[in-house]
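Worksheet: the structure to be examined is printed underneath.
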Amino acid sequence: MEYIAALTPSVVMAVAFTALIVTIVKSQGGANKSKEDAAVDSALARAEAARGASPADGTPRA
């Protein structure tokens, strides 16, 4: 019976990981895909603008 106790955590983690992957794959695309893509694009644009505002050598402006 010790083998059941030894295998149970691994089986539970494998099932949970599989469920997580299935959920992630199912949530991709759909009706909100364009809205999500627009949000990511705007966040990336803000990050690039913030990086562009600082000097290239990384030293802070005085």
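The values are calculated or read from the model by the stated rules, or taken from the named source; none is laboratory data. Fair warning: this is a prediction, and the values are worked out from it, not measured in the lab. No Cβ is skipped: glycine too gets one built from the backbone with ideal geometry, and neighbour counts run over all protein chains shown.
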**OP:** Please work out which residue is modelled with the lowest pLDDT, limiting yourself to region 24-34 and to residues that are surrounded by 10 or more Cβ atoms within 10 Å (Cβ to Cβ) and not small (Gly, Ala, Ser).
**Re:** Asn32
Original post:
Out of region 35-62, which residues are at pLDDT 85 or above and either assigned to a loop (DSSP other than H, G, I, E, B) or not small (Gly, Ala, Ser) (or both)?
Top reply: Asp37, Val40, Asp41, Leu44, Arg46, Glu48, Arg51
Original post:
Among Ala6, Ala19, which is the only one that is modelled with pLDDT of 90 or more and surrounded by 10 or more Cβ atoms within 10 Å (Cβ to Cβ)?
Top reply: Ala19
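Is it true that Ala43 is out of contact with any Asp or Glu (no Cβ under 7 Å at 6 or more places or on another chain), loosely packed, with under 10 Cβ neighbours inside 10 Å and of a type outside the set (D, E, K, R)?
Working: out of contact with any Asp or Glu (no Cβ under 7 Å at 6 or more places or on another chain): yes; loosely packed, with under 10 Cβ neighbours inside 10 Å: no; of a type outside the set (D, E, K, R): yes.
In short, no.
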